[in-house]
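Quick notes on the structure that follows.
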Amino acid sequence: MLNYAGGHGMTLRSISLALLILLFTFSEIEQSLCEPLQQSDSASDFQQLFQKIADLSPDPCGPPYGREANWHSSDVESPLFEQAAKSVTEELNATPASPVLPRDRAAAALKKLERMSVEVNAAWPEENRFHFQILDLAPGLVVKMTIRTHARFFVFGIPEEDSGKPDRLWKEVGSDDESVEDEVPQSWLDLYPLRRGPSGNVRFLAKFIRSGCAGSIGVAYDAREWNPKGSGSLEQVIKQVGAWGLDDKVPGFAQIGKLRTEGSLITLPYCWFSPIDTWDNPSLCAVDTYDLSGDNVRFHARAYNRPDLLPIAKAIEYAEQRDYPAVLAYCASSEVARRLVRDVPPFVFAGVDLQVTHTGNGRERVQLGDESIYRFDVEKHSDRWLVVAFRAE
């Protein structure tokens, strides 16, 4: 009996203790369910990022000069851009059933960062603080962000599926490539909506202008298409790079074309450096036309500002690489192409002296070079110009 009673007493005490533990646990669970979830203090994270970037000059090309950190600052700026993109995603998903438009929800998150930048970067000019622009392309958003003299874009959308299941959550579905290719002191960005194809997929064009602290500047066109089908995809449909000179007034080489982003045919103008340049200005320019009327973006046409001098520039470029088939494409005969591949030195530059003389209808003689003189005869054959003679002195 004693043994039995003792064992029974231990059982009752164990049950009582277990009940107390369960009651305490349920109380904690109930309390935790009634309280809001604790999130990481993102505001303090942004505060630290803005304070860290405040140690740099607002413009890498401005005073104080010579600080390496002012030029190479991606390790400071990239985390800020990426955290800002993350905050946009979180805000878009915070209240999925909210009647507030996605654009306004994204703007609300980014306006907080603008206000924070005003406080932390108060010593900077207003234009160098954190700013944003939203391109509302339902069912997607394209967000431009800027800090100091650098700009990036991020794309947000809702894929139809996530791991094979219906998806209702916003995601950052892509961003630009320009900022990660070559770090430059200054970059500017403009965004343009583009005509959609029959499928209705979102399209937009990003135009980047990139420069050092002096000299010519680069231009890059980046067109993307967002397709939410399946797990979603952000595809690059146009990629064109070029350059602009110190000004657009190169004697005899007027630029061609205007940027046009509306309608089914868009035009992208640009210039590029070539062997016939006479200064730190690219002489040859082109304008490319793309057809956006279908679901596949198609290249349509290219026009040049000086089609008469294009074969000379191209022939020299490929001759320096000893690429005979490519040189032949710009020559009227194999004999001229072989002479170019044989005689053109590794580097040809027009220098300050580029002379073009009209020798007849559709015929010109071109002389370039400072120390060594190169003479070309070009003729118009049908709808294109070709090199018909070459000699070096």
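Points worth noting:
- Among the residues of segment 283-334, those identified as of a type in the set (D, E, K, R) and either at pLDDT below 95 or within 23 Å of Phe349 (Cα to Cα) (or both) are Arg306, Asp308, Lys314, Glu317, Glu320, Arg322, Asp323.
- Flag for Asp104 being charged (D, E, K, R) and touching a Lys or Arg at 6+ places or on another chain (Cβ under 7 Å): no
- Residue, surrounded by the fewest Cβ atoms within 10 Å (Cβ to Cβ), within segment 197-213, restricted to residues that are outside any strand (DSSP E or B) and in contact (Cβ under 8 Å) with a residue 24 or more places away in the chain: Pro198
- Looking only at segment 246-263, residues that are over 27 Å from the mean Cα position of the chain (by Cα) and more than 25 Å from Gly212 (Cα to Cα) come to 1 in all.
- Test result for Ala69, under 22 Å from Pro228 (Cβ atoms) and out of contact with any strand residue (DSSP E or B) (no Cβ under 7 Å at 6 or more places or on another chain): no
- Some residue of segment 102-122 being assigned to a loop (DSSP other than H, G, I, E, B) and under 25 Å from Pro58 (Cα atoms): yes
- Of all residues in segment 275-282, none are surrounded by 17 or more Cβ atoms within 10 Å (Cβ to Cβ) and at pLDDT 95 or above.
- Residues being at pLDDT below 95, assigned to a strand (DSSP E or B) and not β-branched (Val, Ile, Thr) - total across segment 214-226: 1
- Counted residues, segment 70-84 - those being outside any helix (DSSP H, G or I) and surrounded by fewer than 15 Cβ atoms within 10 Å (Cβ to Cβ): 1
- When Arg129, Arg152 are screened for being under 19 Å from the mean Cα position of the chain (by Cα) and crowded, with 21+ Cβ neighbours inside 10 Å, only Arg152 passes.
- Candidates Arg365, Arg322, filtered to the one that is at positive phi and either surrounded by 15 or more Cβ atoms within 10 Å (Cβ to Cβ) or of a type outside the set (Ser, Thr, Tyr) (or both): Arg322
- Tyr192 vs. criteria modelled with pLDDT of 95 or more, assigned to a strand (DSSP E or B), crowded, with 19+ Cβ neighbours inside 10 Å and among the hydroxyl-bearing types (Ser, Thr, Tyr): no
The values are calculated or read from the model by the stated rules, or taken from the named source; none is laboratory data. The structure presented is a predicted model; accordingly, all values stated were derived computationally and were not measured. Counting neighbours? That spans all protein chains shown, and the Cβs are built from the backbone with ideal geometry, glycine included.
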